[in-house]
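Structure first, then comments.
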Amino acid sequence: MAASTANTPLRLALSDDPLGQAEPASWIGPLVALGARASRFNIQSHGRQLILAISVPRRDFAAALIGCGWVMASPEPKRTDPLEVLRGLQPHTPVRVVTSREVIADYFTRLNETTSPPRAHVGGSQWQVPGIRAVEVLEDLPRSARTPRPSPGALGRLARVEESWDTRLASPEADLAIVGTLNWLREELDALVSREDEGAIPNYPAWGNDAKNVGTGQDVGSLGNVLLPHGPKVATWFTRLYAGAKFADQFPIPDDVRAIVLDGAGAIKYLSQIEVPVVVCVLDRSVADETAAEIVVQLRNSRGEPVSLREELEWTPPAGVEALAFTVAL
(Lines give C-alpha, C1' and ligand atoms only; values in the text may rest on other atoms or scores of the structure.)
Protein backbone atom coordinates (compact mmCIF):
# COMPACT_ATOMS: atom_id res chain seq x y z
CA MET A 1 0.00 0.00 0.00
CA ALA A 2 1.09 3.58 -0.51
CA ALA A 3 2.55 5.65 2.30
CA SER A 4 1.71 9.14 3.44
CA THR A 5 4.14 12.03 3.57
CA ALA A 6 4.76 11.22 7.23
CA ASN A 7 5.94 7.72 6.23
CA THR A 8 2.98 6.13 8.00
CA PRO A 9 0.84 3.58 6.13
CA LEU A 10 -2.08 5.11 4.27
CA ARG A 11 -5.32 3.82 5.74
CA LEU A 12 -8.70 3.32 4.13
CA ALA A 13 -12.05 3.91 5.78
CA LEU A 14 -15.45 2.26 5.39
CA SER A 15 -18.83 3.70 6.22
CA ASP A 16 -22.30 2.20 5.93
CA ASP A 17 -23.85 5.51 6.96
CA PRO A 18 -23.65 8.18 4.24
CA LEU A 19 -24.31 10.87 6.87
CA GLY A 20 -21.70 9.62 9.34
CA GLN A 21 -17.97 10.07 9.68
CA ALA A 22 -15.92 7.19 8.33
CA GLU A 23 -13.29 5.81 10.68
CA PRO A 24 -10.02 4.62 9.10
CA ALA A 25 -8.88 1.12 10.03
CA SER A 26 -5.50 -0.54 9.54
CA TRP A 27 -6.97 -3.86 8.32
CA ILE A 28 -8.93 -2.54 5.32
CA GLY A 29 -6.02 -1.79 2.99
CA PRO A 30 -4.16 -5.07 3.60
CA LEU A 31 -7.26 -7.13 2.74
CA VAL A 32 -7.61 -5.23 -0.55
CA ALA A 33 -3.89 -5.80 -1.16
CA LEU A 34 -4.31 -9.55 -0.54
CA GLY A 35 -6.71 -9.82 -3.47
CA ALA A 36 -4.26 -7.98 -5.70
CA ARG A 37 -1.32 -10.13 -4.58
CA ALA A 38 -3.31 -13.29 -5.26
CA SER A 39 -4.00 -12.10 -8.80
CA ARG A 40 -0.33 -11.43 -9.50
CA PHE A 41 0.76 -14.75 -8.02
CA ASN A 42 -1.77 -16.58 -10.17
CA ILE A 43 -0.33 -15.02 -13.32
CA GLN A 44 3.05 -16.53 -12.45
CA SER A 45 1.79 -20.01 -11.50
CA HIS A 46 1.14 -22.90 -13.85
CA GLY A 47 -0.79 -26.08 -13.21
CA ARG A 48 -1.31 -25.51 -9.49
CA GLN A 49 -4.09 -24.01 -7.44
CA LEU A 50 -3.27 -21.29 -4.91
CA ILE A 51 -5.23 -21.57 -1.67
CA LEU A 52 -5.18 -18.70 0.81
CA ALA A 53 -6.84 -18.95 4.21
CA ILE A 54 -7.27 -16.02 6.55
CA SER A 55 -8.73 -16.12 10.04
CA VAL A 56 -10.40 -12.88 11.13
CA PRO A 57 -12.08 -11.77 14.39
CA ARG A 58 -15.25 -11.20 12.36
CA ARG A 59 -15.62 -11.75 8.65
CA ASP A 60 -17.51 -8.50 7.99
CA PHE A 61 -16.34 -6.94 4.69
CA ALA A 62 -13.34 -9.29 4.36
CA ALA A 63 -14.56 -11.17 1.27
CA ALA A 64 -15.71 -7.99 -0.44
CA LEU A 65 -12.41 -6.18 0.21
CA ILE A 66 -10.35 -9.12 -1.05
CA GLY A 67 -12.58 -9.28 -4.12
CA CYS A 68 -12.04 -5.57 -4.81
CA GLY A 69 -8.30 -6.11 -4.79
CA TRP A 70 -8.63 -8.96 -7.28
CA VAL A 71 -10.84 -6.92 -9.63
CA MET A 72 -8.56 -3.88 -9.65
CA ALA A 73 -5.45 -5.98 -10.30
CA SER A 74 -6.94 -7.53 -13.45
CA PRO A 75 -5.06 -6.79 -16.67
CA GLU A 76 -6.12 -3.68 -18.55
CA PRO A 77 -8.05 -4.55 -21.73
CA LYS A 78 -6.71 -3.27 -25.03
CA ARG A 79 -7.90 0.26 -25.71
CA THR A 80 -9.58 0.99 -29.03
CA ASP A 81 -10.92 4.11 -30.72
CA PRO A 82 -14.74 4.05 -30.41
CA LEU A 83 -15.25 5.65 -33.83
CA GLU A 84 -13.08 3.05 -35.56
CA VAL A 85 -14.94 0.22 -33.79
CA LEU A 86 -18.33 1.66 -34.75
CA ARG A 87 -17.27 2.07 -38.38
CA GLY A 88 -16.61 -1.66 -38.61
CA LEU A 89 -19.95 -2.82 -37.19
CA GLN A 90 -22.86 -4.34 -39.05
CA PRO A 91 -26.43 -3.43 -38.06
CA HIS A 92 -27.85 -5.52 -35.19
CA THR A 93 -24.42 -6.24 -33.71
CA PRO A 94 -24.61 -6.63 -29.91
CA VAL A 95 -22.36 -4.08 -28.18
CA ARG A 96 -21.53 -2.60 -24.80
CA VAL A 97 -21.14 1.18 -24.84
CA VAL A 98 -19.71 3.28 -22.01
CA THR A 99 -20.46 7.00 -21.79
CA SER A 100 -19.70 9.50 -19.03
CA ARG A 101 -22.99 8.65 -17.34
CA GLU A 102 -24.17 5.22 -18.49
CA VAL A 103 -23.20 1.72 -19.51
CA ILE A 104 -25.45 0.35 -22.25
CA ALA A 105 -25.68 -3.22 -23.51
CA ASP A 106 -27.83 -3.30 -26.63
CA TYR A 107 -27.81 -3.70 -30.41
CA PHE A 108 -25.95 -1.31 -32.70
CA THR A 109 -28.21 0.08 -35.43
CA ARG A 110 -26.13 2.49 -37.48
CA LEU A 111 -23.43 5.17 -37.50
CA ASN A 112 -24.36 8.54 -38.95
CA GLU A 113 -21.25 10.43 -40.05
CA THR A 114 -23.18 13.04 -42.04
CA THR A 115 -23.73 14.96 -38.80
CA SER A 116 -21.09 16.88 -36.89
CA PRO A 117 -20.13 15.27 -34.64
CA PRO A 118 -21.02 11.74 -35.83
CA ARG A 119 -23.83 9.96 -34.00
CA ALA A 120 -24.11 6.28 -33.08
CA HIS A 121 -27.55 4.68 -32.90
CA VAL A 122 -27.73 1.92 -30.28
CA GLY A 123 -30.84 0.32 -28.83
CA GLY A 124 -33.27 2.94 -30.09
CA SER A 125 -31.20 5.86 -28.78
CA GLN A 126 -28.37 7.87 -30.24
CA TRP A 127 -25.16 9.32 -28.82
CA GLN A 128 -22.60 11.74 -30.12
CA VAL A 129 -19.52 9.63 -30.78
CA PRO A 130 -17.08 11.98 -28.96
CA GLY A 131 -19.15 11.33 -25.80
CA ILE A 132 -18.62 7.57 -26.06
CA ARG A 133 -15.65 6.49 -23.96
CA ALA A 134 -15.45 2.80 -24.91
CA VAL A 135 -17.19 0.26 -27.14
CA GLU A 136 -16.95 -3.52 -26.99
CA VAL A 137 -18.51 -5.99 -29.42
CA LEU A 138 -20.34 -8.80 -27.55
CA GLU A 139 -20.59 -12.43 -28.58
CA ASP A 140 -24.23 -12.52 -27.52
CA LEU A 141 -26.75 -10.40 -25.66
CA PRO A 142 -29.17 -12.30 -23.39
CA ARG A 143 -31.02 -9.05 -22.68
CA SER A 144 -30.62 -5.35 -23.26
CA ALA A 145 -29.66 -3.32 -20.21
CA ARG A 146 -28.72 0.21 -19.25
CA THR A 147 -27.19 1.13 -15.89
CA PRO A 148 -25.51 4.23 -14.43
CA ARG A 149 -21.74 4.32 -14.93
CA PRO A 150 -20.14 3.37 -11.60
CA SER A 151 -17.19 5.30 -10.22
CA PRO A 152 -14.25 3.30 -8.80
CA GLY A 153 -13.74 6.07 -6.23
CA ALA A 154 -10.97 5.93 -3.67
CA LEU A 155 -10.04 2.34 -4.49
CA GLY A 156 -9.71 3.21 -8.15
CA ARG A 157 -7.38 6.08 -7.39
CA LEU A 158 -5.30 3.90 -5.08
CA ALA A 159 -4.94 1.21 -7.76
CA ARG A 160 -4.49 3.78 -10.54
CA VAL A 161 -7.22 2.25 -12.71
CA GLU A 162 -9.10 5.49 -13.40
CA GLU A 163 -7.64 5.96 -16.89
CA SER A 164 -8.52 2.42 -17.90
CA TRP A 165 -11.84 2.24 -16.03
CA ASP A 166 -14.12 2.81 -19.02
CA THR A 167 -12.29 0.16 -21.03
CA ARG A 168 -12.63 -2.22 -18.09
CA LEU A 169 -16.37 -1.54 -17.90
CA ALA A 170 -16.75 -2.19 -21.62
CA SER A 171 -14.63 -5.36 -21.60
CA PRO A 172 -14.69 -6.76 -18.05
CA GLU A 173 -12.63 -9.75 -16.98
CA ALA A 174 -15.65 -11.01 -14.95
CA ASP A 175 -13.56 -13.87 -13.53
CA LEU A 176 -14.31 -13.60 -9.80
CA ALA A 177 -16.90 -15.41 -7.66
CA ILE A 178 -17.75 -14.84 -4.00
CA VAL A 179 -19.64 -17.52 -2.08
CA GLY A 180 -21.31 -16.68 1.21
CA THR A 181 -24.48 -15.36 2.82
CA LEU A 182 -26.04 -13.29 0.05
CA ASN A 183 -27.98 -10.90 2.27
CA TRP A 184 -24.81 -9.99 4.17
CA LEU A 185 -22.72 -9.67 1.03
CA ARG A 186 -25.23 -7.39 -0.66
CA GLU A 187 -25.43 -5.15 2.39
CA GLU A 188 -21.65 -4.87 2.45
CA LEU A 189 -21.59 -3.74 -1.19
CA ASP A 190 -23.27 -0.50 -0.15
CA ALA A 191 -20.34 0.40 2.13
CA LEU A 192 -18.56 3.58 1.05
CA VAL A 193 -14.77 3.66 0.78
CA SER A 194 -12.54 6.67 1.38
CA ARG A 195 -8.86 7.34 1.89
CA GLU A 196 -7.70 8.73 5.19
CA ASP A 197 -6.07 11.68 3.42
CA GLU A 198 -9.21 12.62 1.44
CA GLY A 199 -11.57 13.76 4.18
CA ALA A 200 -15.10 12.81 5.14
CA ILE A 201 -17.70 10.90 3.15
CA PRO A 202 -20.67 13.07 2.18
CA ASN A 203 -24.32 12.18 1.72
CA TYR A 204 -24.01 9.55 -0.98
CA PRO A 205 -26.64 7.15 -2.37
CA ALA A 206 -25.98 3.42 -2.35
CA TRP A 207 -24.02 2.40 -5.46
CA GLY A 208 -24.08 6.07 -6.53
CA ASN A 209 -21.94 7.44 -9.30
CA ASP A 210 -21.42 11.19 -9.21
CA ALA A 211 -21.08 12.24 -5.57
CA LYS A 212 -17.97 14.14 -4.53
CA ASN A 213 -15.89 13.91 -1.41
CA VAL A 214 -16.46 16.94 0.80
CA GLY A 215 -13.73 19.53 0.51
CA THR A 216 -11.62 17.51 -1.91
CA GLY A 217 -13.53 17.29 -5.20
CA GLN A 218 -12.80 13.53 -5.25
CA ASP A 219 -15.30 10.88 -6.33
CA VAL A 220 -16.39 8.48 -3.61
CA GLY A 221 -17.11 4.88 -4.54
CA SER A 222 -18.75 1.93 -2.85
CA LEU A 223 -17.54 -1.67 -2.69
CA GLY A 224 -20.37 -2.51 -5.07
CA ASN A 225 -19.06 0.01 -7.61
CA VAL A 226 -15.83 -1.97 -7.81
CA LEU A 227 -17.13 -5.53 -7.49
CA LEU A 228 -20.11 -4.92 -9.83
CA PRO A 229 -22.07 -8.11 -9.12
CA HIS A 230 -23.82 -9.97 -11.92
CA GLY A 231 -27.58 -9.61 -12.12
CA PRO A 232 -30.47 -9.80 -14.58
CA LYS A 233 -30.62 -6.05 -15.21
CA VAL A 234 -26.96 -5.01 -15.29
CA ALA A 235 -25.14 -3.79 -18.39
CA THR A 236 -21.68 -4.87 -17.17
CA TRP A 237 -20.34 -6.88 -14.25
CA PHE A 238 -17.14 -8.19 -12.69
CA THR A 239 -18.28 -10.63 -9.98
CA ARG A 240 -20.66 -13.54 -9.52
CA LEU A 241 -22.27 -13.84 -6.08
CA TYR A 242 -23.38 -17.30 -4.93
CA ALA A 243 -25.31 -18.36 -1.85
CA GLY A 244 -23.24 -20.76 0.23
CA ALA A 245 -26.34 -22.78 1.15
CA LYS A 246 -27.06 -23.48 -2.54
CA PHE A 247 -23.56 -23.47 -3.98
CA ALA A 248 -23.69 -27.17 -4.83
CA ASP A 249 -26.32 -26.32 -7.44
CA GLN A 250 -23.78 -24.14 -9.29
CA PHE A 251 -21.42 -26.98 -10.20
CA PRO A 252 -19.72 -27.21 -12.60
CA ILE A 253 -18.24 -23.78 -12.04
CA PRO A 254 -18.07 -21.67 -15.24
CA ASP A 255 -14.74 -22.01 -17.06
CA ASP A 256 -14.07 -18.26 -17.00
CA VAL A 257 -13.94 -18.12 -13.17
CA ARG A 258 -10.30 -17.74 -12.10
CA ALA A 259 -10.80 -16.91 -8.42
CA ILE A 260 -13.34 -17.78 -5.74
CA VAL A 261 -13.63 -16.26 -2.27
CA LEU A 262 -15.28 -18.66 0.17
CA ASP A 263 -16.80 -16.52 2.90
CA GLY A 264 -17.42 -18.55 6.05
CA ALA A 265 -17.78 -22.20 7.00
CA GLY A 266 -20.87 -22.80 4.86
CA ALA A 267 -18.86 -21.96 1.75
CA ILE A 268 -15.49 -23.45 2.79
CA LYS A 269 -17.00 -26.95 3.04
CA TYR A 270 -16.88 -27.01 -0.79
CA LEU A 271 -13.12 -26.33 -0.92
CA SER A 272 -12.05 -29.78 -2.11
CA GLN A 273 -14.57 -29.68 -4.99
CA ILE A 274 -13.37 -26.38 -6.47
CA GLU A 275 -10.90 -26.44 -9.35
CA VAL A 276 -10.10 -22.83 -10.17
CA PRO A 277 -6.64 -21.21 -10.06
CA VAL A 278 -7.16 -19.22 -6.84
CA VAL A 279 -9.32 -19.89 -3.78
CA VAL A 280 -9.44 -17.61 -0.74
CA CYS A 281 -11.04 -18.93 2.45
CA VAL A 282 -12.29 -16.48 5.08
CA LEU A 283 -12.60 -18.09 8.50
CA ASP A 284 -14.63 -16.32 11.19
CA ARG A 285 -13.23 -16.68 14.73
CA SER A 286 -16.44 -15.28 16.24
CA VAL A 287 -18.15 -18.55 15.31
CA ALA A 288 -17.43 -21.47 17.65
CA ASP A 289 -17.00 -24.03 14.89
CA GLU A 290 -13.59 -25.33 13.82
CA THR A 291 -14.88 -27.46 10.95
CA ALA A 292 -13.82 -24.99 8.26
CA ALA A 293 -10.31 -24.63 9.70
CA GLU A 294 -9.96 -28.41 9.85
CA ILE A 295 -10.91 -28.70 6.17
CA VAL A 296 -8.22 -26.21 5.18
CA VAL A 297 -5.52 -27.75 7.39
CA GLN A 298 -6.30 -31.28 6.22
CA LEU A 299 -5.98 -30.25 2.57
CA ARG A 300 -2.70 -28.45 3.27
CA ASN A 301 -1.25 -31.43 5.17
CA SER A 302 -2.33 -34.04 2.64
CA ARG A 303 -1.72 -32.34 -0.71
CA GLY A 304 -0.29 -28.89 -0.16
CA GLU A 305 3.04 -27.25 -0.87
CA PRO A 306 3.61 -24.19 1.36
CA VAL A 307 3.72 -20.66 -0.06
CA SER A 308 5.46 -17.87 1.85
CA LEU A 309 3.10 -14.96 2.43
CA ARG A 310 5.92 -12.52 2.97
CA GLU A 311 8.42 -13.65 0.31
CA GLU A 312 6.26 -15.09 -2.49
CA LEU A 313 3.05 -13.11 -2.09
CA GLU A 314 4.78 -10.05 -0.60
CA TRP A 315 1.94 -9.69 1.90
CA THR A 316 1.85 -9.38 5.68
CA PRO A 317 -1.37 -9.96 7.65
CA PRO A 318 -2.63 -6.97 9.63
CA ALA A 319 -2.98 -7.16 13.41
CA GLY A 320 -5.65 -9.62 14.48
CA VAL A 321 -5.54 -11.60 11.23
CA GLU A 322 -3.88 -15.00 10.86
CA ALA A 323 -3.14 -16.43 7.44
CA LEU A 324 -1.54 -19.30 5.55
CA ALA A 325 -1.03 -20.08 1.89
CA PHE A 326 -0.24 -23.20 -0.09
CA THR A 327 -0.70 -24.70 -3.53
CA VAL A 328 -2.19 -28.00 -4.64
CA ALA A 329 -2.15 -29.72 -8.02
CA LEU A 330 -5.12 -28.94 -10.23
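The values are calculated or read from the model by the stated rules, or taken from the named source; none is laboratory data. Remember, predicted model here, so these are calculated numbers, not experimental data. With ideal geometry, Cβ positions are generated from the backbone for all residues, glycine too; neighbour counts draw on all protein chains shown. Just so you know, the surface numbers come from the protein's heavy atoms only, side chains and all, with ligands and any DNA or RNA stripped out. Shrake-Rupley method; radii C 1.70, N 1.55, O 1.52, S 1.80 Å.
In the chain, the portion of solvent-accessible area held by carbon and sulfur atoms comes to 47 percent [1.4 Å probe, whole percent, DNA, RNA and ligands not counted].
Rounded if a/c is under 1.5, else prolate if a/b is larger than b/c, else oblate: which is segment 270-330, with a ≥ b ≥ c the root eigenvalues of its Cα gyration tensor? Since a/c reaches 1.5 but b/c is at least a/b, the shape of segment 270-330 is classed as oblate.
Compared with the dominant Cα axis of the chain, that is its longest principal axis, helix 28-44 is turned about 80°.
The residues packed around E312, meaning those with a beta-carbon under 13 Å from its beta-carbon, carry a net charge of +1 if Lys and Arg are +1 and Asp and Glu are -1. Here the relative contact order of segment 237-308, from alpha carbon pairs under 8 Å that lie six or more residues apart, stands at 27 percent.
Quick one: compute the contact order of segment 31-78, relative version, from alpha carbon pairs under 8 angstrom and 6+ residues apart, as a percent.
With pairs under 8 Å counted, the relative contact order is 69 percent.
Count the DSSP beta bridges whose two residues both fall in the chain, then state the antiparallel fraction as a percent rounded to the nearest 5. If I count the DSSP bridges inside the chain, around 65 percent turn out antiparallel. Between the C-alpha center of segment 42-86 and that of segment 110-145 there is a gap of 29 Å.
Peptide packing: for 289-299, 147-157, 242-252, the average count of neighbouring Cβ atoms within 10 Å per residue gives the ranking 147-157, 289-299, 242-252, highest mean first. Considering only alpha-carbon pairs that sit under 8 angstrom and 6 or more positions apart, the relative contact order computed for the chain is 25 percent. Accessible area per residue for segment 86-166, computed on protein heavy atoms with a 1.4 Å probe, is 51 Å².
Shown is the FRET efficiency for R186 and E113, computed with R0 = 35 Å from the Cβ-Cβ distance and rounded to the nearest 0.05: 0.20. Peptides 164-177, 76-89 ranked from most to least packed by the mean count of surrounding Cβ atoms within 10 Å: 164-177, 76-89.
Probing with 1.4 Å while keeping every protein chain in the model, the per residue accessible area of segment 285-330 equals 65 Å². Each peptide in 107-113, 24-30 receives the mean, over its residues, of other Cβ atoms within 10 Å, and ordering these scores from highest gives 24-30, 107-113. Once you divide the Cα radius of gyration of segment 238-311 by 2.2 N^0.38 Å, the number left is 1.15.
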